[in-house]
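One structure is given here, and the rest of the page talks about it.
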Amino acid sequence: PPVAIDHIRPDLLHNNPHFKNLETSTGGKTIYLSGLMASNADGELVSVGDLRAQMAYIFDAILRSLELVGATPVFVIGLQLEHRPIIMRAMADFYGESGSASSTCVGVQALLVDGAMVEIDVTAVVDD
């Protein structure tokens, strides 16, 4: 069956225009993309010390990964970021006019790749 994603903004929650608080999906296939950091295929960190460049690199990797399974940012229903600064600009660049999915932002002291400043994981739903 075709996927249907409902974006709900409950009155009881703060409805920030930058994200949706509650989403449901029916039909389709669920896609899980593990936490990505700004490391290349050889595991080498790119853009050392530049959070904005690391986020751009990761969001590009997310776009290309989603394309491999027939998805685009409009199908993303969840996104978890492990850092706070500069996030809203990077998310706006990624989602464009579609607005963002439900999301979580968590500050952390260290990530798996030494020097990495951000990690992002994604959940998306597409037609079967």
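Of the residues that sit in the range 33-53 and are at pLDDT 85 or above and among the hydroxyl-bearing types (Ser, Thr, Tyr), which one is surrounded by the fewest Cβ atoms within 10 Å (Cβ to Cβ)?
Restricting to residues being at pLDDT 85 or above and among the hydroxyl-bearing types (Ser, Thr, Tyr), the top hit is SER47.
Give VAL122, VAL118, VAL126, VAL113 a once-over and let me know the one that is surrounded by 14 or more Cβ atoms within 10 Å (Cβ to Cβ), out of contact with any Leu (no Cβ under 7 Å at 6 or more places or on another chain) and modelled with pLDDT of 70 or more. Lay out the reasoning, then the answer.
On the way: VAL122 fails: out of contact with any Leu (no Cβ under 7 Å at 6 or more places or on another chain); VAL118 fails: out of contact with any Leu (no Cβ under 7 Å at 6 or more places or on another chain); VAL113 fails: out of contact with any Leu (no Cβ under 7 Å at 6 or more places or on another chain).
The conditions single out VAL126.
Among the residues of the range 12-29, is any of a type outside the set (D, E, K, R), open to solvent by less than 70 Å² (accessible area, probe 1.4 Å), in a helix (DSSP H, G or I) and at pLDDT 80 or above?
Looking for residues that are of a type outside the set (D, E, K, R), open to solvent by less than 70 Å² (accessible area, probe 1.4 Å), in a helix (DSSP H, G or I) and at pLDDT 80 or above, one finds none in the range 12-29, hence no.
Can you tell me which residues in the range 28-56 are under 12 Å from the mean Cα position of the chain (by Cα) and without any contact (Cβ under 8 Å) to a residue 60 or more places away in the chain?
If the condition is that a residue be under 12 Å from the mean Cα position of the chain (by Cα) and without any contact (Cβ under 8 Å) to a residue 60 or more places away in the chain, then ALA56 is the only one that fits.
Suppose the filter is open to solvent by less than 40 Å² (accessible area, probe 1.4 Å) and either within 11 Å of GLU119 (Cα to Cα) or at pLDDT below 90 (or both); does LEU66 pass it? Steps first, please.
Numbers: open to solvent by less than 40 Å² (accessible area, probe 1.4 Å): yes; either within 11 Å of GLU119 (Cα to Cα) or at pLDDT below 90 (or both): no.
Answer is no for this residue.
Specify the residue that is nearest to ASP121 (Cα to Cα); the eligible residues are those in the range 74-88 that are open to solvent by 30 Å² or more (accessible area, probe 1.4 Å) and at pLDDT below 85. Walk me through it before giving the result.
Within the range 74-88, the subset open to solvent by 30 Å² or more (accessible area, probe 1.4 Å) is 74-75, 77, 80, 83-86, 88.
With the extra rule that they be at pLDDT below 85, the set shrinks to 77, 80, 83-86, 88.
Working: ILE77: 11, GLN80: 5, HIS83: 12, ARG84: 15, PRO85: 17, ILE86: 17, MET88: 16 Å.
In this case the residue turns out to be GLN80.
Listed residues ALA56, ALA92, ALA71; which is at pLDDT 85 or above, assigned to a helix (DSSP H, G or I) and surrounded by 13 or more Cβ atoms within 10 Å (Cβ to Cβ)?
Values: ALA92 fails: at pLDDT 85 or above; ALA71 fails: assigned to a helix (DSSP H, G or I).
Going through ALA56, ALA92, ALA71 in turn, just one is at pLDDT 85 or above, assigned to a helix (DSSP H, G or I) and surrounded by 13 or more Cβ atoms within 10 Å (Cβ to Cβ): ALA56.
The values are calculated or read from the model by the stated rules, or taken from the named source; none is laboratory data. Model, not experiment: these values are computed from the prediction. Positions of Cβ are backbone-derived with ideal geometry, glycine not excepted, and every protein chain shown enters the neighbour counts. Ligands, DNA and RNA are excluded from the accessible area calculation, which covers all protein heavy atoms including side chains. Shrake-Rupley method; radii C 1.70, N 1.55, O 1.52, S 1.80 Å.
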